[in-house]
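**Q** Below are the structure tokens for one structure; questions will follow.
The values are calculated or read from the model by the stated rules, or taken from the named source; none is laboratory data. This structure is a prediction, so every number in the text was calculated from the model and none was measured. Glycine gets a Cβ as well: all are built from the backbone with ideal geometry, and neighbour counts include every protein chain shown. Remember, those area values only see protein heavy atoms, side chains included, never the ligands or the DNA or RNA. Shrake-Rupley method; radii C 1.70, N 1.55, O 1.52, S 1.80 Å.
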Amino acid sequence: MEAYILVQVDIYDNEVYEEYKKLTPSSLEPYGGEFVIRGLPVQALEGEWKHDRLVLLKFPSREKALEWYNSENYQKAKNIRQKASSANFFIVG
């Protein structure tokens with residue numbers, strides 16, 4: 001069963017965040033991950049949206065999604081992301 005990771009991001013250093021964006025795509029490949037949605041703009045039709053960026057990742061399984069999130073390659077990228085932004089990650093599926 002497929003799994004998705006939904007990410008809400010608030011960016012406070014765009015230059016550093018660009019470095020994160022360069023590292024993330026190659027970290028997904030070994031786990032069959034792919035971007036479904038990546039970026040802006042987001043318009044709330046109901047409720048409120050107060051974040052800078054929305055990302056939706058798709059994986060072949062929950063196990064692969066968690067393997068990616070905990071992988072050494074993604075941890076390197078994550079450390080850069082945490083210097084440039086705050087984020088909420090949710091797994092579905």
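**Q** Report Asp52's accessible area, 1.4 Å probe, all protein chains in place, as a number in Å² to the nearest 10.
**A** 60 Å²
**Q** Work out, step by step, the length gained on full extension between Lys22 and Phe35: first 0.36 nm times the residue separation, then minus their alpha carbon distance; give nm to one decimal.
**A** Full extension from Lys22 to Phe35 adds 3.4 nm.
**Q** May I pose another question? Give me the accessible area of Ser71, 1.4 Å probe, in Å² rounded to the nearest 10.
**A** 10 Å²
**Q** Something else about it: Which far-off residues, 5 or more places away or on another chain, put their amide H under 5 Å from the one on Ser61, with H placed in the peptide plane?
**A** Ala3
**Q** So, one more: Which of the chymotrypsin sites (Phe, Trp or Tyr not before Pro) found in region 15-83 are in a DSSP loop and have at most 16 neighbouring Cβ atoms, other than their own, within 10 Å?
**A** Counting only loop positions with at most 16 other Cβ atoms within 10 Å, the chymotrypsin sites (Phe, Trp or Tyr not before Pro) in region 15-83 are Trp49.
**Q** Rg and Dmax in Å for the chain, alpha carbons only: what are they?
**A** 13.1, 38
**Q** So for the chain, averaging the separation of alpha carbon pairs under 8 Å that are six or more residues apart and normalising by length, what relative contact order in percent results? Show your work: numbers first, answer last.
**A** Working: 159 pairs, mean separation 48.5, N = 93.
Relative contact order here is 52 percent.
**Q** I've got another one for you. Taking θ = phi - 60°, what integer Hz values does the Karplus form 6.51 cos²θ - 1.76 cosθ + 1.60 yield along region 15-20, in sequence order, with x for Gly and Pro?
**A** 5, 5, 4, 4, 5, 4
**Q** Another one. Could you run the Karplus curve 6.51 cos²θ - 1.76 cosθ + 1.60 with θ = phi - 60° over region 31-47 and give me ³J(HN,Hα) per residue in whole Hz, x for Gly and Pro?
**A** Taking θ as phi minus 60°, the curve returns 10, x, x, 8, 7, 9, 10, 8, x, 10, x, 10, 10, 6, 8, 9, x Hz for region 31-47.
**Q** Which of the listed residues, Leu45, Pro60, Tyr12, is farthest toward the dipole's positive end in the chain, when Lys, Arg count +1 and Asp, Glu count -1 at the beta-carbon?
**A** Result: Pro60, furthest along the dipole toward the positive end.
**Q** Which of the trypsin sites (Lys or Arg not before Pro) found in region 9-93 are in a DSSP loop and have at most 15 neighbouring Cβ atoms, other than their own, within 10 Å?
**A** Passing both the DSSP loop test and the Cβ count: Lys50.
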